[in-house]
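Novice: Dumping the structure here so I can ask a few things about it.
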Amino acid sequence: MSIEETSAYCNISKQALAQLRYTGKGPKFLKPTARTVLYRKGDVDDWMDANEQTSTAHPQH
């Protein structure tokens, strides 16, 4: 999927996806050329599943 398709699918901005790529916290992506970024739908689904939350509370240590 393109950046635009992934952005729409995840309901997050293209800029947020770029930041997630930069920090390494987003879904796995492919970079077949210097200016092309692609995502596999399965990788995006796996990333979303791994970040599923049941509460907004942060655990206290």
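Novice: Would you please classify the overall shape of region 1-47 from the alpha carbon gyration tensor, given that a ≥ b ≥ c denote the square roots of the eigenvalues, rounded means a/c under 1.5, and beyond that prolate means a/b larger than b/c while oblate covers the rest?
Specialist: Since a/c stays below 1.5, the shape of region 1-47 is classed as rounded.
Novice: Could you calculate the contour length gain from residue 20 to residue 38, that is, 0.36 nm times the residue separation minus the distance between their Cα atoms, to one decimal place in nm?
Specialist: Additional length available on full extension: 5.1 nm.
Novice: Under a point spin-label approximation (7 Å from Cα along Cα-to-Cβ), what is the residue 30-residue 51 distance to one decimal in nm?
Specialist: 2.1 nm
Novice: Express the relative contact order of the chain as a whole percentage, based on alpha carbon pairs under 8 Å and six or more residues apart in sequence.
Specialist: Working: 46 pairs, mean separation 18.0, N = 61.
Once normalised by length, the contact order is 30 percent.
Novice: Taking loop as defined by DSSP and a crowding limit of 15 other beta carbons within 10 Å, which trypsin sites (Lys or Arg not before Pro) in region 18-55 fit? Could you put the intermediate results ahead of the total?
Specialist: On the way: sites: 21, 25, 28, 35, 40, 41; in loops: 25, 28, 35, 40.
Counting only loop positions with at most 15 other Cβ atoms within 10 Å, the trypsin sites (Lys or Arg not before Pro) in region 18-55 are 25, 28, 35, 40.
Novice: Would you mind working out the magnitude of the charge dipole of region 1-56 relative to its Cα centre, with +1 at each Lys and Arg C-beta and -1 at each Asp and Glu C-beta, to the nearest 20 Debye? Walk me through the numbers before you get to the answer.
Specialist: On the way: 8 positive and 7 negative charges, 74 e Å.
Using Cβ point charges on Lys, Arg, Asp and Glu, region 1-56 gives about 360 debye.
Values in this text are rule-based calculations from the coordinates and carry no lab data. Small disclaimer: the values here were computed from a predicted structure and weren't measured. Positions of Cβ are generated from backbone atoms using ideal geometry, with glycine treated the same way; all protein chains shown enter the neighbour counts.
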